[in-house]
Amino acid sequence: MQDQLHVDVLVVGAGPAGCTVALNLAPFYKVLVVTHQKPTAKAVGESLPAAASRLMQDMGLWSSFLNEEHQPHRLSKSHWGSSEAHLNDSIRNLDGHGWHLDRHRFDEWILQQARLRGAGFLKCSALNDINFQPYREMWSVEIEVDGRRVQINANWLVDATGRKSFVAKRLGYSPKTMDKLACGWMIGKLSESAEQESEIYAESEGWWYTSVLPNQQRLLAFYTDADLTSAKDAHCHIALLKRAQQLSGLKQTLGQTSFTKSDLKHGFCAANSATLPQYAGHRWLAVGDAAMSFDPLSSQGIFNSLYTGLAASTFVFEELKRNQPRYQVNEYNNALVEIWNTYTNNQSSWYRDQKRWPQSLFWLRRQKGGVL
């Protein structure tokens, strides 16, 4: 026997983007968020730019977010276009400082905000079927929950499944991958308190990022192309640390961090840019990384999840409240096209500033622009 549920909005995925959609719509409409029972991989993106404060205020989350007491991110240091350090101090930013996030706690917090505003949540073991029923103007989605099949009928469907873009792919829209960027990362234990700053170092086959995390931890991440020999170092924490210590400035920064086996966390993940051929269709939208994923150099990943989640919820709210919905998804599509174009222009500019290794394939690919 199959259970049935009827909702106004079905969100697939419970990350920051999906929860942003849910928390903004749940006070007005019946919203259900479906997430997978399997634990997701550890998120490496740990920073939130200062401009996010405006989004938090617009959504009525600002006070609650401040109460979470994430660590301020006031200073960043980059060794990019030259070996000289360039400092970026938040005192020059009209929005103030950003934050080093405890990512697990941030994700739990925003999920709880959606719950408090009335969104429902279901953990499923499988998403079996997605069909649009034209005669009913409604989506029919079948999932499995504790061995039972559940059919969910929804007026609107939101893909918030991250880089997998699971719903969009089922609808025939696969992301276009723009490069081969991947990340080898490790987290170690600080032996003493350290400056709350982030650092970026360019090298011949990619670039490094390090920052202090909550609970006396430090993140070290190496970004290179997955098909280059340097990616072998990214897969192995011993080789990764050895490579990092070849950069004198980075070696000094890591001096107070223990990367012994008992303290170490290590992983390898995709970090490439990708975009869907379209971000919305009849009664469906994609948000966050499911719509477009950014190079971590932009530090815009979590911000984009919040922004597109808010934009999607605003659009769906307006459509649902009309007696005769317009379904003019081009408005949402065009807004995200503009975001993508701005991002790619900025990305090209960042990488073209780096001219120290003219024979390096990693940098040559990025000097040419376009799909790498």
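The numbers here are math on the coordinates, done by the rules we state, and not lab data. Remember, predicted model here, so these are calculated numbers, not experimental data. FYI the Cβ positions are ideal-geometry reconstructions off the backbone, even for glycines, and counts take in every protein chain you see.
Listed values, structure above:
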| read-out | value |
| --- | --- |
| Of (i) 58, 47, 41; (ii) 84, 56, 48; (iii) 65, 44, 43, the label for Cα extents along the principal axes in Å derived from the coordinates | (iii) |
| Counted charge near VAL12, where neighbours are those whose Cβ lies closer than 11 Å (Asp, Glu -1; Lys, Arg +1) | +1 |
| Size of charge dipole - region 295-355 - debye, nearest 20, with Cβ of Lys, Arg +1 and Asp, Glu -1, no other charges | 40 debye |
| Helix 301-321 axis, angle to the chain major axis (alpha carbon atoms, nearest 10°) | 10 degrees |
| Contour minus Cα-Cα distance for THR260 and GLN151 (0.36 nm per residue) | 34.4 nm |
| Of LYS77/LYS261; LYS265/LYS355; LYS242/LYS265; LYS77/LYS251; LYS123/LYS176, those spanning more than 25 Å from alpha-carbon to alpha-carbon | LYS77/LYS261; LYS265/LYS355; LYS123/LYS176 |
| Linear extension gain, PHE28 paired with ASN346, 0.36 nm per residue minus alpha-carbon span | 110.8 nm |
| The chain - mean residue ellipticity at 222 nm from DSSP helices (-39,500 (n - 2.57) per run, n ≥ 4, rounded to 500) | -9000 deg cm²/dmol |
| Burial order of peptide ranges 135-145, 306-316, 199-209, 279-289 (average beta-carbon count within 10 Å, highest first) | 279-289, 306-316, 199-209, 135-145 |
| Estimated dipole of the chain in Debye, rounded to 20 [Cβ of Lys and Arg +1, of Asp and Glu -1, Cα centre] | 600 debye |
| Farthest positive-ward along the chain dipole, Cα basis, beta-carbon charges - from TRP109, SER63, GLN354 | GLN354 |
| Length added when fully stretched, TYR135-GLN216, from 0.36 nm per residue minus Cα-Cα | 23.5 nm |
